[in-house]
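The values are calculated or read from the model by the stated rules, or taken from the named source; none is laboratory data. Because the structure is predicted, anything quoted here is derived from the model rather than measured. Cβ placement follows ideal geometry from the backbone for every residue including glycine, while neighbour counts extend to all protein chains displayed. We work out accessible area using only protein heavy atoms, side chains counted, and drop any ligands, DNA or RNA first. Shrake-Rupley method; radii C 1.70, N 1.55, O 1.52, S 1.80 Å.
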Amino acid sequence: MQATRSIRLPRKLSACRSIHNHHILRSSGPAGRTTSFGFRTVPEESKESLVKGVFDSVASKYDLMNDASSLGVHRLWKDSFVDTLKPGRKGPLRCIDVAGGTGDIALRILDHARENYADREMTVDIVDINAQMLKEGFMRFKKTMYHNTPQVSFHEANAQELTASQFKNDSYDLYTIAFGIRNCTSVPAVLSEAYRVLKPGATFACLEFSKVNNPLLSTLYDQYSFTVIPLLGTILAGDRNSYQYLVESIRKFPSQPDFAQMIRDAGFSTGGDFDGGAWTELWGGIASIHTGVKI
């Protein structure tokens, strides 16, 4: 049986109209089950709190962290991600952006719809398990025209167990998750929840670091990742361990074909197992965009 407990956002957040409090279902895994936390093997029930510790540590410097791990290219990748989806082209959508606490993807979705299709009815529910990340996103949106409008709302929730009373079955037109799914304890559980909340015919879209297939590029990328990024974490944020975990978590994530199969196993239809089919590689596979359609 799953244990349910009430989670409250920080006082400053919970007082804002666009922040919603709700229950999050949490359950500990079966006794003895383990998962990866970077290159470490940890009890399954421990990973969530370990990942929370990482993102509590890096929340205020999240953009800096992504700049360090991608040489700043993550901004271009996020632009490409949203441009590929063309939100607003077929009219207003109800979107859910998961692991989206800082609002990077949600802001791009709303801007794309407004700037390209004069759409001011697009809505995005931003979901993150980490209250500190949501706080960063809320502060970012306070500087935009979308603040205190029905177009955006923030929710503290677990991607693996979205509360069914709030995140209803067949209720969203687009589900996005960028650079977040690899940090979840159970990727299949996240995909299953994505399938549940999407409408039939709706799109699942994931932007994530992936596998570099070119041997020379792979070697150079590994050298940069394991030497430069943790060092930058120490210099820029005073936190080597969190940055070391983030590098290791990238290497532990499934290959493009394996992740595409996981998406299909959740019930989605995808393209074929090749670049330009089930996924689109960015910069030689350092990151990839995966999409699936609920059937």
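For the pair residue 41 and residue 73, a Förster radius of 25 Å applied to the C-beta separation gives a FRET efficiency near 0.20, rounded to the nearest 0.05. Can you list the trypsin sites (Lys or Arg not before Pro) in segment 138-219 that are in a DSSP coil and have 14 or fewer other beta carbons within 10 angstrom? Passing sites in segment 138-219 are 142, 143, 168.
When a 1.4 Å probe is rolled over the protein heavy atoms, the share of accessible surface on the chain that falls to carbon and sulfur comes to 53 percent.
Here the relative contact order of the chain, from alpha carbon pairs under 8 Å that lie six or more residues apart, stands at 18 percent. Dipole magnitude for segment 185-253: about 180 debye, using +1 per Lys or Arg Cβ and -1 per Asp or Glu Cβ, origin at the Cα centre. When the chain is treated as a Gaussian network with alpha carbon springs shorter than 10 Å, the biggest mean-square fluctuation among 88, 276, 137 belongs to 276.
When the alpha carbon gyration tensor of segment 161-295 is reduced to an equivalent ellipsoid, the three semi-axes, largest first, read 30, 19, 10 Å.
Probing with 1.4 Å while keeping every protein chain in the model, the per residue accessible area of the chain equals 45 Å². A Cβ-based charge dipole, computed about the Cα centre of segment 217-269 with Lys and Arg at +1 and Asp and Glu at -1, lands at about 20 debye.
What does the charge dipole of the chain about its Cα centre add up to, to the nearest 20 debye, if the Cβ of each Lys and Arg holds +1 and the Cβ of each Asp and Glu holds -1? Present the calculation step by step, with values, prior to reporting the outcome.
Numbers: 34 positive and 31 negative charges, 162 e Å.
So the dipole magnitude of the chain works out to roughly 780 debye.
Among the listed options [x] 49, 45, 34; [y] 69, 44, 37; [z] 46, 40, 40, the one matching Cα extents along the principal axes in Å as calculated from these coordinates is [z]. Among 49, 186, 269, the largest mean-square fluctuation in a Gaussian network model of the chain (Cα springs under 10 Å) belongs to 49.
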